[in-house]
Amino acid sequence: MRRTTLDAIAAGTVTVVFRRWDGPRVRPGGTQRTAVGVLEFTAVEPVEVSALTSEDARAAGFADLPALRQAQEGEGQLYRVRLRLAGPDPRVELRSQATLSAEERTELAGRLDRLDRASRSGPWTAAVLELIATNPGTRAPDLAARLGRETLPFKRDVRKLKELGLTESLDVGYRLSPRGRAFRG
C-alpha cells in the first residue's frame, strides 16, 4: 500500500481498500505489518463495481463515487477489504533494545544457529549481519552480489533477521538495529 493510504488508515480516515485478485489474498482476522503498524483485516468480500456506494468512496478516501469506480478498472474479482490499525509493529520495540541479557543473547544465538542449520546453502547469518554492519544503506542487489547470492533469496534472509529485531530497512538498503549492534557486541 502507498504511504499516503497507510497514513490515512492510521488516522482512521480510511477504513476500506479495494483490491482485484484472482482469489482473496487476505482473510478476516489476518494481519499485516506495515510502515505505520500492524493492520488487521476485519472483512473481505467480493463486490461488483456497480454495487459500490458513496459510503465506500468516503471510507476508501476517494472524493466521490465516480472517482472510486474509475480507480477499480482491471482484471480479476474486486474485493472490498475492511481494515483497521491494530497497533504498533512489535519489531519496532524489539529492534530498539540496545542491551541484551545473557539469556537473550543465548536465545538469539540459538535462533540464528537454527536458521543456519535449516539453510540448504549453509550458514549465512553471521556473514549477512557483518555485511550489513559494514555496508549500511547499500542496495540489496549489491550486498547479495558481494556474497555471490541472488537478490530475492538474500532479501528473504534479511527479513528473517528483521523478524528477530536485528536489522531494519532504510529507504535504500539496511542497517543493524540497536539490538543487532548489541548482539554483535
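Coordinate-derived values only; no laboratory data. The model shown is predicted, which means the values in this text are computed figures rather than measured ones. Neighbour counts are summed over all protein chains in view; Cβ atoms, including those assigned to glycine, are modelled from backbone coordinates with ideal geometry.
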At 0.36 nm per residue, minus the direct Cα-Cα distance, what do Thr99 and Glu75 gain on full extension? Give it in nm, one decimal, please. 3.6 nm
Net lengthening on full extension, Arg33/Ala11 (0.36 nm per residue, minus Cα-Cα): 6.3 nm
Pairs of alpha-carbon atoms within less than 8 angstrom and 6+ residues apart define the contacts here; what relative contact order does the chain have, in percent? 21 percent
Point-to-point label distance, Ala126-Glu107, nm (Cα→Cβ direction, 7 Å offset): 2.3 nm
About its Cα centre, the chain carries a charge dipole, from +1 on Lys and Arg Cβ atoms and -1 on Asp and Glu Cβ atoms, whose size in debye to the nearest 20 is 520 debye
Projected label distance in nm at Asp142 and Ala43, using a 7 Å step from Cα toward the beta-carbon: 4.8 nm
Under a crude label model (7 Å from the Cα following the beta-carbon direction), how far is Glu55 from Leu152 in nanometres? 4.1 nm
